[in-house]
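Engineer: Please read through the structure below; I'll follow up with questions.
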Amino acid sequence: MMPSKSKTPPRPIRIQDNTFRDGHQSIYATRMKTEDMIPIAEEMDQCGFWAMEVWGGATFDAMHRFLAEDPWMRPRILKRYVRKTPFTMLLRGQNLVGYRHYADDVVKAFVDKSCEIGIDIFRCFDALNDFRNIETCVERIKQNGKHVEGTVCYSLTRSHLGGEIYTIDYYVRKARELEQMGSDTICIKDMAGLLSPYDAFALFTALKKAVRVPLHLHTHYTSGMGSMTYLKAVEAGVDIIDTCLAPYALRTSMPAIEPIVAALQGTQRDAGIDLQKLLALSEHLEKIAPKYKHLLADQRLSIIDNGVLAHQIPGGMISNLASQLKEMKALDRLDEIYQEVVQTRKDMGYPPLVTPSSQIIASQAVLNVLFGRYVRISNQLKDLVLGLYGRTPAPIDKALVRKILKNYKRGQTPITGRPADHLPPEIEDAKKAMGDLARTDEDLLGWILFPQTMEKYLKAKYGIDDPESAPTNG
């Protein structure tokens, strides 16, 4: 319990605001437009946030694919209004903001460009917690003089901390590894809201003793434990937490900032943020809510998903599964697939369920239920077993490896080295493939990340007619 009066000097909790990125990604499928951020950007800058997350994750994909916005422009535009608060982005290591591993030349160029457009802090993670996959990112961020937030994806092998893999020792070991790599801060990324309050207290008590750099906790409200977890982490000494303004909080998003700020008032960890200012900012989000309401998942009365405590499937992954099954007219088998996700994840060495491993495991679970276990196998799963995504937390059964990789064109023997060492440079070939369509380095990088959708976007941007869609005279 935190007393309101103590001889201990104040140590305000620092708060990162995720409203402009993970907040709307979690509840509105990443569809918030830049034009709706601008009216409150200057006021957000005055709040005293440690940082504002404005980019990364799914924003790059959603902006050009669904919003007809240039993804590279959002940080540039917001920097005109936000002059004091650092900008942070979520970067998936060698995956960048796409869905496969990219060659080192692409990673370096992407980091350079991200620094140029205004990103100050890079939250770097790898879906398998294989930090060989963030080495190039970390080195390049450091060369640019920017802040590296090394990140461990939080996962479990049972309903609470401990068990076969995900123990306190595991997270301490990973945090020390990130500190040795040069991380300026270390984040525990709890993308499914699995971290329980007392596990958080034990974990951050241990981490504070093990590493010297500031510690950051990111959790989601999916399970309903998020705010309680933050309070116990604050008691244990966590330095920074992620929140969203209330309208974009809860559900599968982050805990709301307003109750956290109110709960800590008068304690040593008082955030020192003006609650009335936050309430005014939330009013803007309420006013624009009608234009995004159709994107809100409201098929269930409950705003929490108690099932995540059993199957550990993040909210976004659940909605994707349901959509996939609906198209296949197999929605009635969703419960079977939840169970199969658990088994498939175990088969594949217990990877954390985060992009891209969550999509790989979910897609294979669907195939296993509909056609029999490992009768049909996705190429992405074959690549995972081959080691092209990195080292899984636990080894995969050798007999299953042989079955999955039998006659696979990319190889039958798993690699053991750094995956990116097997990728040839990409930029020069991309220049040749794009020709005149790539008018800037940003166009080129965007096309490498999302070739089909970015090509369509660029043709629309530059007013280039697509011969395939042009009418023919017959």
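The values are calculated or read from the model by the stated rules, or taken from the named source; none is laboratory data. Predicted model only: the values in this text are computed from it and were never measured. Cβ sites come from the backbone with ideal geometry, for glycine too, and all protein chains shown count toward neighbours.
Engineer: Can we say residue 335 is of a type in the set (D, E, K, R) and crowded, with 17+ Cβ neighbours inside 10 Å?
Structural biologist: Here the answer is no, as residue 335 does not meet what is asked.
Engineer: Mind checking whether some residue in region 15-23 is under 22 Å from the mean Cα position of the chain (by Cα) and surrounded by fewer than 20 Cβ atoms within 10 Å (Cβ to Cβ)? Can you show your working first?
Structural biologist: Applying the first criterion (under 22 Å from the mean Cα position of the chain (by Cα)) to region 15-23 yields 15-23.
Still in the running and surrounded by fewer than 20 Cβ atoms within 10 Å (Cβ to Cβ): none.
So far as region 15-23 goes, no, none of its residues is under 22 Å from the mean Cα position of the chain (by Cα) and surrounded by fewer than 20 Cβ atoms within 10 Å (Cβ to Cβ).
Engineer: Return the residue satisfying two criteria in turn: it lies in region 37-50 and is surrounded by fewer than 17 Cβ atoms within 10 Å (Cβ to Cβ) and over 24 Å from residue 13 (Cα atoms), and of such residues it is farthest from the chain's Cα centre (by Cα).
Structural biologist: Ranking the candidates gives 39 first.
Engineer: Considering each residue of region 144-163, count those that are more than 18 Å from residue 309 (Cβ to Cβ) and more than 21 Å from the chain's Cα centre (by Cα), and give that number.
Structural biologist: 2
Engineer: Would you say residue 310 is within 29 Å of residue 96 (Cβ to Cβ) and in a helix (DSSP H, G or I)? So that I can check it myself, show each step before the final result.
Structural biologist: Working: within 29 Å of residue 96 (Cβ to Cβ): no; in a helix (DSSP H, G or I): yes.
It is false that residue 310 is within 29 Å of residue 96 (Cβ to Cβ) and in a helix (DSSP H, G or I).
Engineer: Okay, next question. Tell me which residues, restricted to region 364-392, are within 20 Å of residue 421 (Cα to Cα) and not in a helix (DSSP H, G or I).
Structural biologist: Result: 387, 388, 389, 390, 391, 392.
Engineer: Of all the helices (runs of 4 or more DSSP H) wholly in region 6-100, which have at least 3 residues that are of a type outside the set (S, T, N, Q) and farther than 27 Å from residue 455 by Cα? Give the steps one after another, and end with the answer.
Structural biologist: Values: elements: 24-28, 38-45, 59-66, 73-79.
The qualifying helices (runs of 4 or more DSSP H) are 38-45.
Engineer: Oh, and also: Restricting attention to region 146-168, report how many residues are without any contact (Cβ under 8 Å) to a residue 12 or more places away in the chain and farther than 17 Å from residue 187 by Cα.
Structural biologist: So the count comes out to 3.
Engineer: Going through region 441-463 one residue at a time, which ones are without any contact (Cβ under 8 Å) to a residue 12 or more places away in the chain, more than 22 Å from residue 117 (Cα to Cα) and either among the basic types (Lys, Arg) or in a helix (DSSP H, G or I) (or both)?
Structural biologist: 452, 456 - these are the residues of region 441-463 that are without any contact (Cβ under 8 Å) to a residue 12 or more places away in the chain, more than 22 Å from residue 117 (Cα to Cα) and either among the basic types (Lys, Arg) or in a helix (DSSP H, G or I) (or both).
Engineer: Without any contact (Cβ under 8 Å) to a residue 24 or more places away in the chain and in a helix (DSSP H, G or I): is that true of residue 361 in this structure?
Structural biologist: Taking the combined requirement at face value, the residue satisfies it.
Engineer: Would you confirm whether any residue within region 408-418 is more than 20 Å from residue 127 (Cβ to Cβ), in a helix (DSSP H, G or I), more than 29 Å from the chain's Cα centre (by Cα) and assigned by TED's automatic domain parsing to the domain that holds residue 349?
Structural biologist: Checking region 408-418: not a single residue is more than 20 Å from residue 127 (Cβ to Cβ), in a helix (DSSP H, G or I), more than 29 Å from the chain's Cα centre (by Cα) and assigned by TED's automatic domain parsing to the domain that holds residue 349.
Engineer: I'm told residue 468 meets every condition in (1) out of contact with any Phe, Trp or Tyr (no Cβ under 9 Å at 6 or more places or on another chain); (2) modelled with pLDDT of 95 or more; (3) more than 23 Å from residue 73 (Cβ to Cβ) except one. Can you identify the failing condition by its number?
Structural biologist: Exception for residue 468: condition (2).
Engineer: Moving to a separate point now. All but one of (1) surrounded by fewer than 20 Cβ atoms within 10 Å (Cβ to Cβ); (2) in a helix (DSSP H, G or I); (3) assigned by TED's automatic domain parsing to the domain that holds residue 377 hold for residue 290, so report the exception by its number.
Structural biologist: (3)
Engineer: Could you identify the single residue in 370, 353 that is over 25 Å from the mean Cα position of the chain (by Cα) and touching a residue at least 40 places away in the same chain (Cβ under 8 Å)?
Structural biologist: 370
Engineer: Of 109, 127, 202, which residue is within 22 Å of residue 421 (Cα to Cα), assigned by TED's automatic domain parsing to the domain that holds residue 58 and over 20 Å from the mean Cα position of the chain (by Cα)?
Structural biologist: 109
Engineer: Let me ask something additional. Would you pick out the residues in region 217-270 that are in a loop (DSSP other than H, G, I, E, B) and among the small types (Gly, Ala, Ser)?
Structural biologist: Going residue by residue through region 217-270, those that are in a loop (DSSP other than H, G, I, E, B) are 220-225, 237-239, 245, 249-255, 265-270.
223, 224, 237, 249, 253, 266, listed by residue number.
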